[in-house]
Amino acid sequence: MIYFGEDKMPDLCNRSYPFHYATALNLLEKMGVDIGRINILAVGEYENYKGEILGQKPAPGMPLKSDVSIELKVGYPSAVDQLPFQFFYGLGGKAHRSADWEWQSRRFMAPYDAAVIRHKAAARYQSLRFSFGITDKDHLTRYLDLFDFALGHDFQDLGDVVFWTGIMPSFHDWSGNAAGVAKVLQFLFGYRFRIIESAESRYEIPDDIRKALGF
């Protein structure tokens, strides 16, 4: 795992502001954590059907170093919850089991559960990016490339990027619309514009392009 700076473990299971597992995993990934190395334990949807983080290691505020093992307990149905009753008690009925058999079973299935949870978190994050629910500048820049619109040094502000992301798909509408073009010019230059169309005027035709009519 790679960490940058003095990153510390965030409070992911705060009861006032509970984190969804997708938010938690993507936050840790943004901090430089390889989410493939995070241990995830699905504690079952009956504990929390919303997919929130119910437990975490290390504790909030602890420094994240390369030798730190991260574990998250997530309110999510495990493969254990999908297995038949006989998987644990045998075909002959109830057998002797210790009180923690369920947790041991969940830990046994944790690698499989974690793979599902990680992929769902990644899919959810990508769907938000492609619906522009997340202002990721690099992604928005690639989107604008589809319109052959390259952001130069004059467009470093994220607000500018978001503006062009929203307006470029409707280029065919505002490009021939004087009011729309005026709004775009106002955004670019900070001054109010008014475009006057179909104004009467007289123009002299240059001699070199004049043509005689008739004979």
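The values are calculated or read from the model by the stated rules, or taken from the named source; none is laboratory data. Everything quoted here is computed from the prediction, not taken from an experiment. A quick note on method: Cβ atoms are made from the backbone with ideal geometry, for glycine too, and the neighbour counts reach across all protein chains shown.
So for the stretch 93-107 (the condition being modelled with pLDDT of 85 or more and either touching a helix residue (DSSP H, G or I) at 6+ places or on another chain (Cβ under 8 Å) or among the basic types (Lys, Arg) (or both)), does at least one residue qualify? Checked the stretch 93-107: at least one residue is modelled with pLDDT of 85 or more and either touching a helix residue (DSSP H, G or I) at 6+ places or on another chain (Cβ under 8 Å) or among the basic types (Lys, Arg) (or both).
Let's see how each residue does on (1) charged (D, E, K, R); (2) under 23 Å from Phe163 (Cβ atoms); (3) surrounded by 15 or more Cβ atoms within 10 Å (Cβ to Cβ); (4) modelled with pLDDT under 80:
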residue	(1), (2), (3), (4)
Asp113	yes, no, yes, no
Val116	no, no, yes, no
His119	no, no, no, no
Ala122	no, no, yes, no
Tyr125	no, no, yes, yes
Leu128	no, yes, no, yes
Gly133	no, yes, no, yes
Asp136	yes, yes, yes, yes
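Output the residue which, of all residues in the stretch 1-53 that are of a type in the set (S, T, N, Q) and surrounded by 14 or more Cβ atoms within 10 Å (Cβ to Cβ), is modelled with the lowest pLDDT.
Taking the stretch 1-53 first, the residues of a type in the set (S, T, N, Q) are 14, 16, 23, 26, 39, 48.
Filter once more, keeping what is surrounded by 14 or more Cβ atoms within 10 Å (Cβ to Cβ): 23, 26, 39, 48.
Values: Thr23: 86, Asn26: 84, Asn39: 90, Asn48: 74.
Once the filter is applied, the top-ranked residue is Asn48.
For the stretch 75-88, does any single residue satisfy the condition of being modelled with pLDDT of 80 or more, of a type in the set (A, V, I, L, M) and within 20 Å of Asp34 (Cβ to Cβ)? Checking the stretch 75-88: not a single residue is modelled with pLDDT of 80 or more, of a type in the set (A, V, I, L, M) and within 20 Å of Asp34 (Cβ to Cβ). Taking the stretch 170-184 as the range and being modelled with pLDDT of 75 or more and within 22 Å of Leu140 (Cβ to Cβ) as the test, the residues that pass are Gly180, Lys183, Val184. Restricting the first member to the stretch 23-37 and to residues that are basic (Lys, Arg), and the second to residues that are in a loop (DSSP other than H, G, I, E, B) and surrounded by 13 or more Cβ atoms within 10 Å (Cβ to Cβ), the beta-carbon pairs closer than 6 Å and six or more apart or on different chains are Arg37/Met1. Scanning the stretch 25-80 for residues that are of a type in the set (Asp, Glu) and touching a Lys or Arg at 6+ places or on another chain (Cβ under 7 Å) turns up just one, Glu71. Residue pairs whose Cβ atoms lie under 7 Å apart, separated by 6 or more positions or on different chains, with the first residue in the stretch 188-204 and surrounded by fewer than 10 Cβ atoms within 10 Å (Cβ to Cβ) and the second hydrophobic (A, V, I, L, M, F, W, C), are Arg194/Ala182; Glu197/Ala178. With respect to (1) out of contact with any helix residue (DSSP H, G or I) (no Cβ under 8 Å at 6 or more places or on another chain); (2) polar (S, T, N, Q); (3) modelled with pLDDT under 90, the lone exception for Gln56 is condition (3).
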